[in-house]
Amino acid sequence: MVCLVKNEHPLGPRVVIVDAEQPGRVRLVAAAVLACVVVVFVTAARLSPDPRGYGTHEAMLAQPCAFPLFLGIPCPNCGMTTSFAYAVRGRWLRAMHAQPAGFLLAVSSGVAGLVCVFVVL
């Protein structure tokens, strides 16, 4: 049983329960989510975390964040990629220090990936 939110109702979104009669569809969605999680984790594993605690995304040829360049303080997203890069290496304290929200997102992505593995199997 899976809950889907549909926005077709004029009063707002409604929740629809999909019966287990469509296990192929549920498995397909779980496989797609699992593939996304794997791609993100493999990308994070291939990046070397920046010792500054932010700027790891620049290794993927992304532009440096303009927020700290102009204001001298990190933006709310600074350190997300670095946090993921540390988290996949098991250096959780460094990941939390780089960006606490990034660490929580990495852990929740891992949990979601494990749930998807069970759903697919």
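Only the coordinates and a few stated rules stand behind these numbers; no lab work does. Keep in mind it's a predicted model, so treat the numbers as computed, not measured.
Start at zero, step by 10 Å, and the Cα-Cα distances of region 20-121 spread as 16, 39, 26, 13, 4, 0 percent across the bins. Gain on full extension, evaluated as 0.36 nm per residue between residue 63 and residue 40 minus their Cα-Cα distance, stands at 6.4 nm.
The convex hull defined by the C-alpha atoms of region 16-79 has an orientation-averaged projected area of 6.9 nm².
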